[in-house]
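One structure below.
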Amino acid sequence: MQNDELLYAASQLARHLRRSGVQWMPGPDAEKVAQLADSFQPPDAHPPSATQSASPSKPAPPPAEGPRKSAASRAAGRGESGRRPAASPPDRLGDATRSRLAGVPPMEVSDGPYPGESLSAPQRLEVMEGLAATVAQCQRCPHLASCRKQTVFGEGSVTPRFAFFGEGPGADEDRTGRPFVGRAGQLLTKMIEACTLRRDDVYILNTVKCRPPGNRNPEPTEIENCREYFTTQLSTLRPEYVVCLGAIAAQTLLQSKLSVGRLRGKLHRYFDSKVLVTYHPAYLLRNPSAKRAAWEDLQLMLRDAGIRAGQ
Ligand code: SF4
């Protein structure tokens, strides 16, 4: 494994642990990573320098001292102010290298890390329970509030690597208070399991928490009324990946007017999360021929996440 790949892997692990609520950790030390990579080089391929190419036909890269110093100073854990930096650990790779490692096209521009500190699991649970109680009493959309049997807040792990973000509750969800439990929900569960995950491993939530009558699309004002709730959920959970299921979820999260067809096929950004757009399971039930494309979307994400799933 090359130095930049090791550094990238260390950065990814550190980002994941931070998102999962680990309160402090040392940043990846570029110097140590380079030494580690050097120690794994076969004797006959040992390069003259830990960061120099083994191929004589390639020009040597620029001296590593500058970038290493920068990375090392960032890896010190605290800035001049003495406070822990809120930003993610250093990522020295360009989009091209990252894409080569992941086997996916480059991502769109990052919006940066989620605001504020990442919470521990018990703190997250407390925030989510408090928010769920608030949502249960919510009357911001008078029509939806008068029609609903109950609100559907969301469920799953509070330290998820993956979150699945849908549109809104249907009749089964309205009846049970749980997201994605009808026929579409059963298909979503199969999709999650095809990713070698369990429903309990991920978090499942919707754009609006009340069922739009007749399963109509939520109105823009209803989505805006509910925006505070799902943004708080996501900034509390900080999943590494958010899978947007269908146009409403994707356009709302990415603040885009593009169709699913235009948004799928690459990873987008929502703060510190990578965002995948794919078809809603209800659409897949009506259009089974689109299942192949949806599976290709999930595989794109799994490759990026370093997860092997069936082809
Ligand atoms: S959809 Fe959201 S904002 Fe509207 S009443 Fe339900 S919980 Fe409140």
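Brief remarks follow.
- FRET efficiency, 1/(1 + (r/R0)^6) with R0 35 Å, evaluated for THR189 and GLU117 via beta carbons: 0.60
- Percent accessible area from carbon and sulfur atoms, the stretch 121-305, protein chains only, probe 1.4 Å: 49
- Approximating the spin labels as points 7 Å out from Cα along Cα→Cβ, the LEU125-to-ARG227 distance works out to 3.3 nm.
- Theoretical FRET efficiency, 1/(1+(r/R0)^6), r = Cβ-Cβ of ARG178 and ALA309, R0 30 Å, to 0.05: 0.75
- For the stretch 121-305, relative contact order (Cα pairs under 8 Å, six or more residues apart, normalised by length) works out to 22 percent.
- With a threshold of 26 Å on the Cα-Cα distance, the over-threshold entries among LYS149/LYS291; LYS257/LYS291; LYS190/LYS257 are LYS149/LYS291; LYS190/LYS257.
- If a spin label sat at a point 7 angstrom from the Cα of ARG262 along the line to its beta carbon, the backbone N atoms of the stretch 225-251 nearer than 13 Å would be those of 251.
- Built amide H within the under 5 Å cut-off of ARG269, gap 5+: GLU108, VAL275
- Among 238-245, 151-158, 191-198, sorting by the average number of other beta carbon atoms lying within 10 angstrom of each residue, highest first, gives 238-245, 151-158, 191-198.
- Spin-label pair ASP200-LYS291: with each label point 7 Å from Cα along the Cα-Cβ axis, the two points sit 2.7 nm from one another.
- A probe of 1.4 angstrom, applied to the heavy atoms of all protein chains, finds LEU125 with accessible area near 80 square angstrom.
- Most to least packed among 170-182, 132-144 [average Cβ atoms within 10 Å]: 170-182, 132-144
- Here the calculated FRET efficiency for LEU13 and SER146, from their Cβ-Cβ distance with R0 = 51 Å, stands at 0.60, rounded to the nearest 0.05.
The values are calculated or read from the model by the stated rules, or taken from the named source; none is laboratory data. Fair warning: this is a prediction, and the values are worked out from it, not measured in the lab. Counting neighbours? That spans all protein chains shown, and the Cβs are built from the backbone with ideal geometry, glycine included. These accessible areas exclude ligands, DNA and RNA; they are computed on the full protein's heavy atoms, side chains included. Shrake-Rupley method; radii C 1.70, N 1.55, O 1.52, S 1.80 Å.
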